[in-house]
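Participant: Would you mind keeping the following structure in view while I ask a few things?
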Amino acid sequence: MGDGIGAYSLTVADLLRKQVAVRAESTAVEDARGALSYRALDQRVNRLAHVLAGHGVAMGDRVALLSENRREYLEIQLAAAKLGAIVACLNWRLADAEMTHCVRLVSPRVVLVSAHHAPMLARIDHGAPQVIDIDARYEALLAAAPESDPQIDVDPEQGLVILYTSGTTGDPKGAVISHRAMIARAMCFSAEFGIGADRNYLAWSPLFHMAATDFSLATLMLGGKVVIHDGFDADGLCAVLEREPIGWLVAMPGMIEQLIDGLKRNRPRIRSVRMVGAMADLVPLQQIAELTRLIGAPYLNSFGATETGLAPASGVLLAPGVVPDSLAKRESGFCRIRLVDADGRDVPVGVPGELAIRGPTLFSGYWDAPEVNALDFRGGWFHMGDLFVRQADGSLNFVDRAKYLIKSGGENIYPAEIERVLLAHEVVLDAAVVRRSDTHWGEVPVAFVALKPGAATDAQALLQWCRAQLASYKVPKDIRFVDAAAFPRSSTGKIQRHEIECQWASL
């Protein structure tokens, strides 16, 4: 038996060091300002690690990051990896109150903010003792710092990033993803889909999301190139597809139609794409067929989450150019899955059950949320809140969300967030938010509102109220007024959203 755990340890920083040693002059990161080799990236990361240490950042400390997509985003994550610090990746789409909650939740030692988002940080009571403006001070700080590698021993179970997810009670939760989980996600990505150093990643979706952060870091650990774009731009993406071999081209509800239009307009001579797409259950089947025909690659019939990575059930690729007749999924080879009832008992084949998972890609829990963690990790399994049916052949069919989550263009929306805002209005007696299918976004929230007796308002006034307190993608796309007595309720008085969908979908 070996002594200690040191020989078993491996971190994201270790795998960056390995790639620097074997492909120092290969391009690691490219954005609008040019390219950085692995050697140049590592030198900048080392300097930044010393800068952060000089600001008091040590093992386990949080560094909050509020920025658009740019090379510094990955540099900050990798510098934290070398220090054993944790980067809280702030969602700039949030309303001020939500942003305040997210920053204060993690008590960061320092906040790094881009000039573009600095006004938002200045508006809120974030409580952080130090702020670094990436555009004003970053390069000068790096230039004055040493280039030596910090060489700090970091436990693989140490958190690496915090990615925020919406909470069922309204407040966003911070999912802590460790070095162990991030490495496991990269290994699954490579093994399940044949992605290696010869395949690059196009990071256009926000780096505060799992899709961009997970697979940008995976690409660097595997030795490929990360091409960073600040947001979706169909023409720009087409230009990249002409010159770069891409492993996974992420495409989400809400942008697939625009991507299809861009492909038809530009007619790029696509070099190579291993797979395209995500969340097939929320995409019109004809769009899947058209997009895959234009790209010349299969559609990734994925099911994963910030908390799990792609691991649960993302193994099926839908044939290009074909309208799929089934969206059944296959369990990943790198996890264990159970489908359970409300009492935690396995359900038989053909019966819906909540997906519970074990595996190395799992996150470490939500930051400072012991009660939520105890519930979600009950019995030694992580319960996702999503219902599936297992077929006789072992495939999995998505049924619904046990916790009623709305997926809109890649964003997670819980109705309780919106309902809480509506119910805070002085004229609102009751409110329920449900999902409505949308050809552009996949799903959008719509609200049904009952007013207090004698009160009066209109939909536009309530929408304006919501816009002042919620991120734009959470604002209901429609508000309908109903009588409070008309809300369908359970025996315990809870409004039944599924009944609302069935009864009032045509209103």
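Participant: Of these, Arg23, Arg47, which one is over 22 Å from the mean Cα position of the chain (by Cα), among the basic types (Lys, Arg) and over 22 Å from Ala115 (Cα atoms)?
Facilitator: Numbers: Arg47 fails: over 22 Å from Ala115 (Cα atoms).
Sole residue among the options that is over 22 Å from the mean Cα position of the chain (by Cα), among the basic types (Lys, Arg) and over 22 Å from Ala115 (Cα atoms): Arg23.
Participant: Among the listed residues Leu300, Leu317, Leu263, Leu339, identify the single one that is touching a residue at least 24 places away in the same chain (Cβ under 8 Å), in contact with a Leu (Cβ under 7 Å, 6 or more places away or on another chain), in a helix (DSSP H, G or I) and not assigned by TED's automatic domain parsing to the domain that holds Leu207.
Facilitator: Criteria check complete, one pass: Leu263.
Participant: Separate question: Within segment 342-366, work out how many residues are among the hydroxyl-bearing types (Ser, Thr, Tyr) and either more than 25 Å from Ser302 (Cβ to Cβ) or not in a loop (DSSP other than H, G, I, E, B) (or both). Lay out the reasoning, then the answer.
Facilitator: Start the filter on segment 342-366 by keeping residues that are among the hydroxyl-bearing types (Ser, Thr, Tyr), which leaves 361, 364, 366.
Among the residues that remain, those that are also either more than 25 Å from Ser302 (Cβ to Cβ) or not in a loop (DSSP other than H, G, I, E, B) (or both) are: 366.
The total comes to 1.
Participant: Okay, moving on. Among Leu451, Leu423, Leu429, Leu463, which is the only one that is over 30 Å from Glu331 (Cβ atoms) and in contact with a helix residue (DSSP H, G or I) (Cβ under 6 Å, 6 or more places away or on another chain)?
Facilitator: Result: Leu429 is the single residue among Leu451, Leu423, Leu429, Leu463 that is over 30 Å from Glu331 (Cβ atoms) and in contact with a helix residue (DSSP H, G or I) (Cβ under 6 Å, 6 or more places away or on another chain).
Participant: Consider segment 40-54. How many of its residues are out of contact with any Pro (no Cβ under 8 Å at 6 or more places or on another chain) and crowded, with 16+ Cβ neighbours inside 10 Å?
Facilitator: The qualifying residues number 9.
Participant: So, one more: Name every residue in segment 16-39 that is among the small types (Gly, Ala, Ser) and surrounded by 22 or more Cβ atoms within 10 Å (Cβ to Cβ), in order of residue number.
Facilitator: Passing the criteria: only Ala28.
Participant: Could you grab me the full set of residues in segment 307-333 that are crowded, with 19+ Cβ neighbours inside 10 Å and within 16 Å of Ala186 (Cα to Cα)?
Facilitator: Those that are crowded, with 19+ Cβ neighbours inside 10 Å and within 16 Å of Ala186 (Cα to Cα): Glu307, Thr308, Gly309, Leu310, Ala311, Pro312, Ala313, Ser314, Gly315, Ser332.
Let's see how each residue does on (1) in contact with a Pro (Cβ under 9 Å, 6 or more places away or on another chain); (2) β-branched (Val, Ile, Thr); (3) at pLDDT 95 or above:
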{"residue": "Leu83", "(1), (2), (3)": "yes, no, yes"}
{"residue": "Ala95", "(1), (2), (3)": "no, no, no"}
{"residue": "His116", "(1), (2), (3)": "no, no, yes"}
{"residue": "Arg123", "(1), (2), (3)": "no, no, yes"}
{"residue": "Asp133", "(1), (2), (3)": "no, no, yes"}
{"residue": "Glu139", "(1), (2), (3)": "no, no, yes"}
{"residue": "Ala145", "(1), (2), (3)": "no, no, yes"}
{"residue": "Gln151", "(1), (2), (3)": "no, no, no"}
{"residue": "Leu163", "(1), (2), (3)": "no, no, yes"}
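Participant: Being closer than 23 Å to Asn412 by Cβ, of a type in the set (Phe, Trp, Tyr) and not assigned by TED's automatic domain parsing to the domain that holds Gly442 is the requirement here; does Phe334 meet it?
Facilitator: Details: closer than 23 Å to Asn412 by Cβ: no; of a type in the set (Phe, Trp, Tyr): yes; not assigned by TED's automatic domain parsing to the domain that holds Gly442: yes.
Criteria not met by Phe334.
Participant: Moving to a separate point now. Here are some residues: Pro415, Pro445. Which one is more than 17 Å from Gly304 (Cβ to Cβ), touching a residue at least 60 places away in the same chain (Cβ under 8 Å) and either surrounded by 18 or more Cβ atoms within 10 Å (Cβ to Cβ) or not β-branched (Val, Ile, Thr) (or both)? Break it down into steps so the answer makes sense when it comes.
Facilitator: Working: Pro445 fails: touching a residue at least 60 places away in the same chain (Cβ under 8 Å).
Every option except Pro415 fails the conditions.
Participant: Of all residues being outside any helix (DSSP H, G or I) and touching a residue at least 60 places away in the same chain (Cβ under 8 Å) in segment 367-381, which is nearest to the chain's Cα centre (by Cα)? Just the residue, please.
Facilitator: Trp367
The values are calculated or read from the model by the stated rules, or taken from the named source; none is laboratory data. These numbers come from a predicted model, not from an experiment. Neighbour counts run over all protein chains shown; Cβ positions are idealised from the backbone, glycine included.
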